[in-house]
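J.: This structure is in structure tokens; I'll ask about it shortly.
The values are calculated or read from the model by the stated rules, or taken from the named source; none is laboratory data. Because the structure is predicted, anything quoted here is derived from the model rather than measured. Note: ideal-geometry Cβ built from the backbone for every residue, glycine included; neighbour counts use all protein chains shown.
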Amino acid sequence: MPINPAAVGARGETGTRSWNSKDALLYALGVGAGMLDPVNAELEFTTENSKDVKQRVLPTMPVVLGAGGNVLAQIGSFNWAMLLHAEQGIELHREIPVEGTLAAYAEIAGIYDKGKGALVVMESKATLADSGEPLFTSRTSLFIRGEGGFGGDRGPSEKREAPERAPDHSVTYPTRPDQALLYRLNGDRNPLHSDPAFAKMAGFDRPILHGLCTYGFTGRALLHTLCGSDPARFRAMDARFSSPVFPGEALTVEMWVDGNEAFFQTKGGDGRIVLSGGRLAFA
């Protein structure tokens with residue numbers, strides 16, 4: 001059957017996910033931590049045994065800690081090759097511990113008719129399994145091409161654009177030519193990011209970088225620039241995926257600060273916007 005708009009409110013089963021120090025280190029390396037200076041910078045995210053340095057977790061790691069069952073199975077059938085990751089948001093309720101087990105469920109928060117496709121919004125809530133303490137909430141928007149036109153609500157159309165002034169901060173990070181091969185070890189083994197033949201079938205001349213890897217690089221820039229490198233100050237991050245990135249490209253994160261919030265966007269090596277409409281809340 002096609003997309004079922006009545007699936008809004010459907011909830012997947014509660015699932016659990018455990019992680020440890022090694023997983024946190026691997027995620028940090030996957031989003032470029034320590035690349036520019038492996039000896040003097042970001043040791044709290046890249047090592048667990050450096051003298052007088054306590055290991056901590058990058059605040060964007062929730063994007064690889066998802067759990068809660070396959071709630072997408074409840075929205076009907078569709079061609080998975082037509083699915084695009086449109087937006088991603090995370091809200092942290094506390095700092096992510098170096099190791100632990102979470103319990104989480106996901107539900108369908110919205111299904112919108114965008115004409116040429118359907119926009120499906122999923123929300124996942126995670127707690128620490130042993131205490132029930134809220135850990136994070138994530139919100140993922142997926143655009144499914146060819147599934148629109150069912151007569152449903154078009155949904156919110158907020159367009160967040162950069163202020164008409166120079167950014168307050170701009171940070172550029174390189175990515176490695178093998179960045180996607182490293183990041184995929186966090187769990188996303190989609191061959192679009194590793195198999196040249198598959199990438200060509202999808203219309204790319206070579207594998208592309210995971211959008212959530214770009215998201216993690218951007219989160220590092222925001223953390224170090226606006227949060228004093230303290231994950232406890234990093235409260236929420238939202239952004240739209242606007243253009244694919246190829247491994248080896250430089251990423252430039254531009255930030256405009258307004259109190260305890262900031263607008264941001266990320267540009268690829270040629271200046272095109274690859275993450276747009278970004279919002280950070282911080283303490």
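J.: For segment 47-97, which positions are assigned to a loop (DSSP other than H, G, I, E, B), modelled with pLDDT under 95 and farther than 14 Å from Y27 by Cα?
T.: Answer for segment 47-97, where residues must be assigned to a loop (DSSP other than H, G, I, E, B), modelled with pLDDT under 95 and farther than 14 Å from Y27 by Cα: A67, G68, G69, N70, G76, S77, F78, N79.
J.: Which numbered condition in (1) more than 19 Å from the chain's Cα centre (by Cα); (2) surrounded by fewer than 18 Cβ atoms within 10 Å (Cβ to Cβ); (3) modelled with pLDDT of 95 or more; (4) not in a loop (DSSP other than H, G, I, E, B) is the only one that Y112 fails?
T.: For Y112, the failing item is (2).
J.: Within segment 16-46, which residues are part of a loop (DSSP other than H, G, I, E, B), of a type in the set (S, T, N, Q) and within 21 Å of the chain's Cα centre (by Cα)?
T.: N20
J.: Would you check which residues across segment 164-192 are closer than 28 Å to W256 by Cβ and either more than 21 Å from the chain's Cα centre (by Cα) or not in a helix (DSSP H, G or I) (or both) and list them?
T.: E164, R165, A166, P167, D168, H169, S170, V171, T172, Y173, P174, T175
J.: Of the conditions (1) basic (K, R); (2) closer than 19 Å to P59 by Cα; (3) surrounded by fewer than 18 Cβ atoms within 10 Å (Cβ to Cβ), R189 satisfies every one except a single condition; which number is it?
T.: For R189, the exception is condition (2).
J.: Out of segment 222-271, which residues are basic (K, R) and either within 23 Å of R176 (Cα to Cα) or assigned by TED's automatic domain parsing to the domain that holds E42 (or both)?
T.: Matches in segment 222-271: R240, K267.
J.: Just to check your reading of the model, which residue among R220, R240, R235 is basic (K, R), over 26 Å from P207 (Cα atoms) and either in contact (Cβ under 8 Å) with a residue 60 or more places away in the chain or in contact with a Lys or Arg (Cβ under 9 Å, 6 or more places away or on another chain) (or both)?
T.: Answer to the selection: R235.
J.: Report yes if some residue within segment 35-49 is on the phi > 0 side of the Ramachandran plot and touching a Gly at 6+ places or on another chain (Cβ under 8 Å); otherwise report no.
T.: yes
J.: Here is a check on your reading of the model: is S138 of a type in the set (S, T, N, Q) and closer than 25 Å to S77 by Cβ?
T.: Spelling it out, S138 is indeed of a type in the set (S, T, N, Q) and closer than 25 Å to S77 by Cβ.
J.: Can I ask one more? Pick from segment 245-260 the residues that are of a type in the set (A, V, I, L, M, F, W, C) and buried (at least 20 other Cβ atoms within 10 Å of the Cβ): which of them is nearest to G271 (Cα to Cα)?
T.: L251
J.: Mind listing just one residue for me: the one in segment 261-283 that is among the small types (G, A, S) and buried (at least 21 other Cβ atoms within 10 Å of the Cβ) and, of those, nearest to the chain's Cα centre (by Cα)?
T.: Ranking the candidates gives G278 first.
J.: When you go through T127, T101, T140 one by one, which is the residue that is surrounded by fewer than 17 Cβ atoms within 10 Å (Cβ to Cβ) and in a strand (DSSP E or B)?
T.: T101
J.: Does at least one position in segment 155-163 carry a residue that is of a type in the set (D, E, K, R), in a loop (DSSP other than H, G, I, E, B) and closer than 23 Å to A73 by Cβ?
T.: Checked segment 155-163: no residue is of a type in the set (D, E, K, R), in a loop (DSSP other than H, G, I, E, B) and closer than 23 Å to A73 by Cβ.
J.: If V171 meets every condition in (1) under 17 Å from P244 (Cβ atoms); (2) touching a residue at least 24 places away in the same chain (Cβ under 8 Å) apart from one, which number is that one?
T.: So V171 meets the others, but not (1).
J.: Which ranges mark the strands (runs of 3 or more DSSP E) fully within segment 215-283 that have 3 or more residues being among the hydrophobic types (A, V, I, L, M, F, W, C) and within 30 Å of A199 (Cβ to Cβ)?
T.: Passing ranges, in order: 234-241, 250-258, 273-282.
J.: Then there's this: Restricting attention to segment 1-43, which residues are surrounded by fewer than 19 Cβ atoms within 10 Å (Cβ to Cβ), out of contact with any strand residue (DSSP E or B) (no Cβ under 7 Å at 6 or more places or on another chain) and hydroxyl-bearing (S, T, Y)?
T.: S21
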